[in-house]
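The values are calculated or read from the model by the stated rules, or taken from the named source; none is laboratory data. Everything quoted here is computed from the prediction, not taken from an experiment. Please note: Cβ atoms are built from the backbone with ideal geometry, for glycine as well, and neighbour counts cover all protein chains shown. Protein only, heavy atoms only, side chains kept; ligands, DNA and RNA dropped before computing areas. Shrake-Rupley method; radii C 1.70, N 1.55, O 1.52, S 1.80 Å.
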Amino acid sequence: MTDSSGTAGSVSTSGSGLSGEGRTVFLLAHTGRPAAIRSAELVVQGLLRCGLGVRVMEHEAVDLPLPAEVELVTEYTPGALDGCELLIVLGGDGTLLRGAEFARASGVPMLGVNLGRVGFLAEAERDDLDKVVDRVVTRSYEVEERMTLDVIVRTNGDVLHRDWALNEAAVQKVSPERMLEVVLEIDGRPVTGFGCDGIVCATPTGSTAYAFSAGGPVVWPEVEALLMVPISAHALFAKPLVTSPTSVLAVEVQSGTPHGVLWCDGRRTLELPAGARVEVRRGAVPVRLARLHHASFTDRLVAKFALPVSGWRGAPH
């Protein structure tokens with residue numbers, strides 16, 4: 001059964017319910033790219049041929065050459081995925097994160113096909129479309145849950161804003177000529193303060209995203225932890241911190257500093273007034289990802305970053 005921990009638990013669905021009758025898949029694509037349009041067309045044709053229903057947002061369908069039997073949905077709400085078995089997302093990191101918003105809100109697993117560059121959230125590449133259709137039709141995939149973040153912004157003790165993130169919640173400066181003065185807190189106790197360009201609070205999933213670019217550690221998805229990574233801090237002690245998944249991380253923007261900005265997954269933003277407090281904790285609702293492969297995260301890391309491993313001989317037998 002699915003691991004309720006929210007960090008890479010999985011459940012196998014292989015071999016069950018091979019008939020496509022009564023099954024529906026939601027398709028989300030970056031229709032601004034010709035490659036995505038052609039990929040979406042191939043996936044839709046393959047699923048329909050095998051008897052599965054396909055549902056697409058109406059405004060995206062305008063750019064896609066879709067058959068009449070494709071179901072169109074007008075409103076971009078979690079209810080748009082009601083009755084769907086999977087959410088297939090075709091695109092780059094931005095499109096995959098948009099799909100993650102729907103996956104979290106609806107509870108429907110997301111299967112990502114990377115049409116961009118790195119695509120750590122994707123399970124397949126553009127050349128794997130036939131395999132994707134086959135695995136979906138035969139239900140030869142597993143579903144794992146990924147930890148999320150719940151984010152609360154307070155001013156003078158009052159809740160100003162609530163948000164969430166799959167990868168990271170980043171507190172950043174706005175003014176290029178002045179640093180953001182912050183104090184970091186973990187579990188209700190102050191750790192350190194300094195001027196910086198920002199602070200990234202990330203999940204293990206997000207450790208290979210913004211946190212990685214800021215010099216943070218790569219954390220394997222099955223590790224339960226929260227990360228706090230400073231960005232260009234002017235301080236002797238400004239190392240990335242890895243805490244318990246039950247910890248509460250807080251970033252306090254000092255009252256004498258220019259205002260900052262909060263970014264959640266690089267998609268949702270909020271201006272932070274001086275004196276604002278951003279609290280980050282493990283999210284109550286995970287994102288469910290459909291997985292086709294049993295390859296280790298190590299192999300994924302090597303492939304995505306094209307790491308040099310030539311000359312490796314392996315452990316002695």
> Among the residues of the stretch 286-303, is there at least one that is modelled with pLDDT of 95 or more, of a type in the set (A, V, I, L, M, F, W, C) and surrounded by fewer than 17 Cβ atoms within 10 Å (Cβ to Cβ)?
Replying inline: no
>> Let me confirm something: among G6, G32, G20, which residue is at pLDDT below 95, on the phi > 0 side of the Ramachandran plot and assigned to a loop (DSSP other than H, G, I, E, B)?
In response: G6
> In the stretch 78-136, which residues are under 14 Å from the mean Cα position of the chain (by Cα) and acidic (D, E)?
Replying inline: D93, E101, E123
>> Restricting to the stretch 126-155, count the residues that are in contact with a Ser or Thr (Cβ under 8 Å, 6 or more places away or on another chain) and either on the phi > 0 side of the Ramachandran plot or open to solvent by 40 Å² or more (accessible area, probe 1.4 Å) (or both).
In response: 4
>> Restricting to the stretch 188-230, and then to whatever is farther than 19 Å from C264 by Cα and aromatic (F, W, Y), can you tell me which residue is surrounded by the most Cβ atoms within 10 Å (Cβ to Cβ)?
In response: F194
>> Given the condition at pLDDT 90 or above, β-branched (V, I, T) and more than 13 Å from V287 (Cα to Cα), answer yes or no: does some residue in the stretch 114-128 qualify?
In response: no
>> Taking the condition of being closer than 15 Å to L90 by Cα, touching a Ser or Thr at 6+ places or on another chain (Cβ under 9 Å) and open to solvent by 20 Å² or more (accessible area, probe 1.4 Å), how many residues in the stretch 34-58 meet it?
In response: 2
> Which one is most open to solvent (accessible area, probe 1.4 Å) among residues in the stretch 232-245 that are at negative phi and out of contact with any Leu (no Cβ under 9 Å at 6 or more places or on another chain)?
Replying inline: L236
>> Tell me the residue from G195, G188 that is touching an Asp or Glu at 6+ places or on another chain (Cβ under 7 Å) and more than 22 Å from G94 (Cα to Cα), please.
In response: G195
>> I need every pair where a residue in the stretch 64-92 that is at positive phi has its Cβ under 6 Å from the Cβ of a residue that is surrounded by fewer than 20 Cβ atoms within 10 Å (Cβ to Cβ), sequence separation at least 6 or different chains.
In response: G83/T24
> Which of the residues belonging to the stretch 246-273 are surrounded by fewer than 21 Cβ atoms within 10 Å (Cβ to Cβ) and outside any strand (DSSP E or B)?
Replying inline: T246, S247, V248, Q254, S255, G256, T257, P258, H259, G266, R267, P273
